Amino acid sequence: MIENLASLNFRKDAWGQLVLIRPDGTEHSGVEPVRCFPLSDPERSIALLDSDGKELANLPDLSVLNPSARAALQQELEEREFAPVIQRITTTSTPNPPCQWQVVTDRGTTSFQLESEDDIRRLGTDGAVIADSHGIRYKIPDITRLDGHSQKIIRRLI
Amino acid sequence: MIDGLNSLDLEKPDRLVTHSWLSYSFQRHPLRYNARFELVFQTANQAGVLNPITATMASEIEGWSSVDSTLRGPVESRLAAGEHLVAWMVSDIDEQRQYRMSLLALSQHRFFCSTHAEVRDWPLAEIDKLRTKDRGGLGTLELLGTDRRLGFWHYTIAQGPAALVVGDRFEDLKAGRDARKQIEEDDVPEGEESESPPNTLALFRLWQFARPHAFWMFIAFVLSLAATVAAVETAKVIRPLTNLLYSYQSREVTSLSGSEWYLGVMLAGAAVAWILSWGQGAILAWVSERVTADLRNRTYSHLQKLSLEYFGGKRTGDLMSRISSDSDRLTQFLSDSIVDFSANSILLVVVAVALFQENLPLAFVTLLPFPFIVWLMYYSRDKLQVGFQAGSRAWANMTSVLADTIPGIRVVKAFAQEEREIERFRTANETVVVANNRVNSLWTFFWPLITFLNALGVFVVWAYGVRLVLHRAPDFDVGALTAFVVLSGMFYSKLEMMSRMVNASQRAATSAQRIFEILDRVSNVPEPARPVIVGKLRGDLEFRHVGFRYGNRKVIKDFSLKVQAGEMIGLVGHTGAGKSTLINLVCRFFDVAEGAILADGVDIRSYKIEQYRRNVGIVLQDPFLFYGTIAENIAYGRPEATRDEIMNAARAARAHEFILQLADGYDSLVGERGQSLSGGERQRISIARALLIDPRILILDEATSALDSTTERQIQEALQNLVRGRTTIAIAHRLSTLRQANRIMVIERGRLVEIGTHDELLAIDGAYAELHRAQQELTRDIGW
């Protein structure tokens, strides 16, 4: 495990892979940042894995890094994450699962198959995470901030 | 646009991979890619030398014409003469990870990317590799040049199969190879078509279960109708009787003769109504029990046929509550409410007709509050449904806590978490209370309101009647008013009963919907539409480019292997490498996502599941014994086995002696509430169980890893008997248990990395050798 986290650096190689530069200058290419608690506490405990999946370092949070490394890692995390945030539920094929949902997300409109009400997971008091039949996760940070129609659809399922 | 690939086979002597035509199928979302080709090809005599071959192919590349023409057109127009597309896919998420379509296509010379803004292309010579990745449901296709990444595109998993085809076609082109030379009819066997769930109200769908009893239901209906008519007809004597009494009191007449007749009619009417409703009630109660019993049976048998995947995602408590308490609610509804509801709605009509016959304007006034009440019932119905759903869910949650903690009670006690579990149950129970309270507060508000409106209805009759009498309306007397009051009272009291029924029917609808949700679920392991009949298999097994994923995690990747009948294959690898998944695929607990598994040269999806599984025996790490005798447990897979057969199986499994030590011998009860057996003893019973069905394909899933070494030795002996002459796939952590294996394969991250005999693998000095060394050290250190 790498100790001196503040002196870590990152760069992207020509292949688009993340390269970790250790304080002593040695490099690890194909490093993957992984959030240890992606749902309950995404900003803390970010592990850096090498290409074999071995943990190189575990960052308590991104603030331990120097500003340029933080920006690089932040960007890498964004690029590899795909969890559309649902802003509105337009229609559902039937009120109860299994059903097809038509949604507006921060990444555009899409539709997905909801297999079971068990695929809707509550997060905290007002949040929810929905996993579709392909395993894509859609987030709703705060159900109470959705419009009435969307709230009604989701509330009857949780 | 045809798919032409002029090349030949230069298959390298690759240990692991045999190239064949792939077919992809996702069970839930049938997404097929199986163009057919007729190829005439020549074999090369020397690797690396390409001979042109003739290829005639099916016309257009499948699905191409379905692509948006604004994306497709620019690519088509760019194609040079003689250039044609080999594969294509849609990237439905752009670089900024927004939902936006672009089209990726591969011709034999170039790779195209068409967005709504532009078309780009890269000559294949510049591309070193096409790499696909997927993470968290987001797939990425990367176009890698020799010195840098040329481009990348994202896609959702639904596009995954197409992406894999693009990748494979690219590899083929690069290698100058025609992977489709072995067209061994790898068409995915068609699964049985299952009709899509009808999108109607769950309660109406109960009719399909009631239909067999339609005759009795009709009788009940007739009885109910007759009872209603009797009640209303009886009310018709009220007017003359009242008028007679009125006349007598005002001394217009001097005798009450005729009143006996009226009283007699009333009594007889009441008696008839009683007898009729008794008959109707009895019939409907019987029918409703039958209907819900059928529903329970059908649900349970459907549940048994669903794939393991379904159970993996469901909580036991929830399933149990659906089959037990939800169906019980339905019985109650069908027997009580349906009886009342049908009777009452008929009565409403009959009474309304009677009212109109008596006095038209008064009838209108009487029925004034009626539409409002109906609207109110309708309005509350929707609210109640949501409430009841929440209630059912909370109830299921509570049962889930039970189903979770009662089997896990040892862990609870060992970690002294009783208080926490009590709290967890209390919380779940509290949620039930809250959910029910919400419903209760709803209908406790609506119900008195409806009662009030009903009272209002009767009040209107009085008021209007008083007015008519006051103005000395013709053809209206106190008798008519009394009859009206009685009839409208009857009308509104029935309406009030019906409004209560809204409650019951919504509760029932929720329950019905929860049950139908199970029934509507289609098994991910479908029965073949045209099954291949099989008795005993020979036992040849072949994995052909098998791929599988759990959700978005790819656990098996391009796995190919041929196993001869009777061969024993050891399966070694780290935890999570995909060993158990592979076994689940062989057992058809799941179906492959890509490629195929063949038994005796036939795709296992072509066999009837039951017939196929009769050929597969499995011994698990922690065998499950059902509640019953030892003999029953051994004969679980073949209940018709004779006592001698059972004993022989037990002898071969080295279980006979210890069974005889038990007080009741083979009749000893085991399983939950039964005699407790040690791990080794249960294991031997499960080996006997597998032996008895005499399977051609045997699966040992860490059969000995939970046992001490003495017991393991006994089990090993038992296993030797079991393995003999059968195709065996054995997973083991302790390599020593795989001594008899003909070949050992090592799996890492879903891929086959090494295969060979123990000695060969040691000689390679790779992953197996490392595992071997590690275990030897462990044995030395802790004296295993």
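The values are calculated or read from the model by the stated rules, or taken from the named source; none is laboratory data. Computed from a predicted structure; not experimentally measured. Note that each Cβ is placed from the backbone with ideal geometry, even for glycine, and that neighbours are counted across all protein chains shown. SASA here: full protein model, heavy atoms, side chains in, ligands and nucleic acids out. Shrake-Rupley method; radii C 1.70, N 1.55, O 1.52, S 1.80 Å.
Some notes on this structure:
- Of the residues contained in the stretch B:642-658, one or more are found to be among the polar types (S, T, N, Q) and within 30 Å of B:V534 (Cα to Cα).
- Strands (runs of 3 or more DSSP E) wholly inside the stretch A:1-79 that include at least 2 residues being within 14 Å of another protein chain (Cβ to nearest Cβ) and open to solvent by 40 Å² or more (accessible area, probe 1.4 Å): A:9-12, A:32-35
- Sole residue being open to solvent by 10 Å² or more (accessible area, probe 1.4 Å) and within 26 Å of B:E527 (Cβ to Cβ), chosen from B:E610, B:E567: B:E610
- B:G151 being farther than 16 Å from A:I136 by Cβ, touching a strand residue (DSSP E or B) at 6+ places or on another chain (Cβ under 8 Å) and facing chain A (nearest Cβ under 10 Å): yes
- B:V401 vs. criteria closer than 30 Å to B:R315 by Cα, touching a Lys or Arg at 6+ places or on another chain (Cβ under 7 Å) and away from chain A (no Cβ under 14 Å): yes
- Hey, B:A343 of a type in the set (A, V, I, L, M), without any contact (Cβ under 8 Å) to a residue 60 or more places away in the chain, more than 20 Å from B:A202 (Cβ to Cβ) and buried (at least 19 other Cβ atoms within 10 Å of the Cβ) or not: no
- One residue from A:L5, A:L39, A:L77 being modelled with pLDDT of 85 or more and on the phi < 0 side of the Ramachandran plot: A:L77
- In a residue-by-residue description of the stretch B:134-141, the property of being modelled with pLDDT of 85 or more, closer than 29 Å to A:V85 by Cβ and touching a Leu at 6+ places or on another chain (Cβ under 7 Å) applies to at least one position.
- Within the stretch B:292-321, considering residues that are crowded, with 18+ Cβ neighbours inside 10 Å and either modelled with pLDDT of 85 or more or touching a strand residue (DSSP E or B) at 6+ places or on another chain (Cβ under 6 Å) (or both), the one nearest to A:S116 (Cα to Cα): B:T299
- 3 or more residues facing chain B (nearest Cβ under 8 Å) and either within 14 Å of A:I158 (Cβ to Cβ) or open to solvent by 20 Å² or more (accessible area, probe 1.4 Å) (or both): qualifying strands (runs of 3 or more DSSP E) within the stretch A:92-148: A:108-114
- Hits in the stretch B:484-520 - residues which are among the aromatic types (F, W, Y) and either open to solvent by 10 Å² or more (accessible area, probe 1.4 Å) or within 19 Å of B:V350 (Cβ to Cβ) (or both): B:F484, B:F491, B:Y492
- Across the stretch B:380-396, the number of residues qualifying as open to solvent by 70 Å² or more (accessible area, probe 1.4 Å) and either at pLDDT 80 or above or in contact with a Phe, Trp or Tyr (Cβ under 8 Å, 6 or more places away or on another chain) (or both) comes to 1.
- Residue list for the stretch B:221-234, restricted to those being among the hydrophobic types (A, V, I, L, M, F, W, C) and touching a Gly at 6+ places or on another chain (Cβ under 8 Å): B:L223, B:A230, B:A231
- Test result for B:S324, open to solvent by less than 30 Å² (accessible area, probe 1.4 Å) and either modelled with pLDDT under 85 or away from chain A (no Cβ under 13 Å) (or both): no
- Matching residues in the stretch B:75-112 - criterion: being buried (at least 16 other Cβ atoms within 10 Å of the Cβ) and on the phi > 0 side of the Ramachandran plot: B:R97
- Any hit, the stretch B:114-130, residues being open to solvent by less than 10 Å² (accessible area, probe 1.4 Å), under 41 Å from the mean Cα position of the chain (by Cα), in contact (Cβ under 8 Å) with a residue 40 or more places away in the chain and at negative phi: yes
- Strands (runs of 3 or more DSSP E) wholly inside the stretch B:725-778 that include at least 1 residues being open to solvent by 60 Å² or more (accessible area, probe 1.4 Å): B:743-748, B:751-756
- Pair list, Cβ < 8 Å and 6+ apart or interchain, from the stretch B:233-262 residues that are within 20 Å of B:L355 (Cβ to Cβ) to residues that are among the hydroxyl-bearing types (S, T, Y) and open to solvent by 30 Å² or more (accessible area, probe 1.4 Å): B:V237/B:Y262; B:I238/B:T482; B:R239/B:T482; B:P240/B:Y262; B:L241/B:Y262; B:T242/B:T482
- Qualifying residue in the stretch B:103-122 (condition: within 14 Å of another protein chain (Cβ to nearest Cβ) and part of a strand (DSSP E or B)): no
- The lone exception for B:Y666 - which of (1) modelled with pLDDT of 85 or more; (2) over 16 Å from B:V616 (Cα atoms); (3) in contact with a Leu (Cβ under 8 Å, 6 or more places away or on another chain) it fails: (3)
- Restricting B:E717, B:E760 to those that are under 29 Å from B:G679 (Cβ atoms) and not polar (S, T, N, Q) reduces the list to B:E717.
- Among the numbered conditions (1) surrounded by fewer than 19 Cβ atoms within 10 Å (Cβ to Cβ); (2) on the phi > 0 side of the Ramachandran plot, the only one that B:G595 does not meet is (1).
- Residue within the stretch B:698-716 that is in contact with a Lys or Arg (Cβ under 6 Å, 6 or more places away or on another chain) and not in a helix (DSSP H, G or I) present: yes
- All conditions but one from (1) surrounded by fewer than 19 Cβ atoms within 10 Å (Cβ to Cβ); (2) under 24 Å from B:F388 (Cβ atoms) apply to B:A435; the one that does not is (1).
- Qualifying residue in the stretch B:419-428 (condition: open to solvent by 90 Å² or more (accessible area, probe 1.4 Å), assigned by TED's automatic domain parsing to the domain that holds B:L367 and in a helix (DSSP H, G or I)): no
- Selection from the stretch B:139-157 of residues that are free of Cβ contacts under 8 Å to residues at least 60 places away in the same chain, surrounded by 15 or more Cβ atoms within 10 Å (Cβ to Cβ) and not small (G, A, S): B:T140, B:L141, B:E142, B:L143, B:L144, B:R149, B:L150, B:F152
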